[in-house]
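What follows is one structure encoded as structure tokens, with my remarks underneath.
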Amino acid sequence: MSFNTFGHLFRFTTWGESHGPALGATVDGCPPGVPLDEVMIQQWLDKRRPGQNKNTTQRREPDAVEILSGVYEGRTTGTPIQLMIRNVDQRSKDYGDIAQTFRPGHADITYHQKYGLRDPRGGGRSSARETAARVAAGGVARAVLGQIAPQVQVKGYMVQMGAKTIDRSRFDWDAIDQNDFWCPDPAVAAEWEDYLDFLRRKDHNSVGAIIEVVARGVPAGIGAPIYAKLDSDLAAAMMTINAVKGVEIGEGMAAAALTGRDNADEIFMGANGPEYSSNHAGGILGGISTGQDVVVRFAVKPTSSILSPRASIRIDGTPTEVVTQGRHDPCVGIRAVPVGEAMMACVILDHILLDRGQTGGQRGRIGPA
């Protein structure tokens, strides 16, 4: 079993390698009759596309998606949707010197230990290039959400680069799409620009980041107890993204420093149903959504491909030093933002479909009859 498929009812399987002819996703479980075309998916791929500015990898890929099946006359048919993205700017020669060497921080050594061979060109299947396919799948999920749950809105943004964090008192939703970092704090975005320029040009280094993804308008009652919790599926979804090393829901790790009195989100009866004093739980209690914003954060490690020499070994066990050539993101967190959005959209849609199948959308009454 290769485990290249994600999801329960709304499922996608990604395929392809970084330097192969193409990569893509097969999406299954999409309801029929949903308006869908390449343009609707392309808008999300364009957010992730490499080479758009100096702060990301300079690999020039148009990331143009093609729909090969599952859509007829602009509407989904209910059959598998095959999505393909052609690779057009591979430079496999950049990896010729490391074909027999394990790059520190990469999956080279573990792929070799597991399979006995690997594709050294850009990391092959372990490359972050794979995430283009899941962004395409996320575009399908957003199209379905637009039909069956149009109130749901998904938005991601960077809240930290290295040790430099945003000032939440300056949080501006409108600023997120106005800078290269998807940052809601314009002042710190300017600092990040200078910092990343120094790391890339002078220090030959990279840096990690923290991404926050919010889903607004998620109805209460989505999710399931124990083994299909909404938060456990979200955590799994974010952990599948390349370079992610940690995931938080709501207050996350910071909840360990709070008391029960501080952490509990008090409940009040509002005009339209329950209301909460705060959202430390991140919109999920007992694995089931509360109706508040669903809030997820994930941390991505620094890009391991850097020009600074790192000690390693070759396949024959001899020692060596590795300097990774090629075109790489100095902060992979920038292009991880649309990937996190895609995974959030897929999980939310999947659980809405699961809930429809189990409860038919019925809800327990709260308040006077």
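Sorted largest first, the principal axis extents computed over the alpha-carbon atoms of segment 291-367 equal 68, 27, 20 Å. Measuring from centroid to centroid over Cα atoms, what is the spacing of segment 214-268 and segment 301-369 in Å? For segment 214-268 versus segment 301-369, the Cα centre distance is 16 Å. Ranked by the mean number of other Cβ atoms within 10 Å of their residues, highest first, the peptides 246-256, 131-141 fall in the order 131-141, 246-256.
Packing here is the average count of other Cβ atoms within 10 Å per residue, and on that basis the peptides 146-159, 104-117, highest first, run 146-159, 104-117. Looking at the chain, how many pairs of lysines come closer than 24 Å at the Cα, when each pair is eight or more places apart or spans two chains? Lysine pair count for the chain: 21.
In order along segment 196-204, the phi-based Karplus estimate (6.51 cos²θ - 1.76 cosθ + 1.60, θ = phi - 60°) of 3J(HN,Hα) comes to 5, 5, 5, 4, 6, 7, 9, 8, 6 Hz; Gly and Pro are listed as x. Per-residue ellipticity at 222 nm, computed for the chain from helices alone with -39500 (n - 2.57) per DSSP H run of at least four residues, works out to -8000 deg cm²/dmol. Amide H to amide H, with H built 1.01 Å from N, Thr76 comes under 5 Å of Gly33, Val34, Leu36, counting only residues 5 or more places away or on other chains. Phi angles across segment 19-35 convert, under the Karplus curve 6.51 cos²θ - 1.76 cosθ + 1.60 with θ = phi - 60°, into 3J(HN,Hα) values of 10, x, x, 6, 9, x, 9, 10, 9, 10, x, 6, x, x, x, 7, x Hz, Gly and Pro given as x. With the alpha-carbon atoms of the chain aligned to their principal axes, the span from lowest to highest coordinate is 74, 50, 38 Å, starting with the largest. Given R0 = 30 Å, the distance between the Cβ atoms of Tyr115 and His8 translates into a calculated FRET efficiency of 0.60.
Computed from backbone phi with θ = phi - 60° and the Karplus coefficients 6.51, -1.76 and 1.60, the 3J(HN,Hα) list for segment 170-184 is 9, 4, 9, 4, 5, 7, 4, 8, 10, 9, 5, 9, 6, 9, x Hz; x is used for glycine and proline. Length gained on full extension, Ala271 to Arg75, computed as 0.36 nm times the residue gap minus the Cα-Cα distance: 66.7 nm. Pairs of alpha carbons in segment 178-258 separated by more than 21 Å make up 52% of all such pairs. The angle between the Cα long axis of helix 131-148 and the main principal axis of the chain comes to about 20°, on a 0 to 90 degree scale. Hull volume per residue, based on the alpha-carbon atoms of segment 230-350 and their convex hull, is 165 Å³.
Read-outs: derived from the displayed coordinates by stated rules, not from any lab. No experiment lies behind these values; they were computed from the predicted model shown. We place every Cβ from the backbone using ideal geometry, glycine too, and count neighbours over all the protein chains shown.
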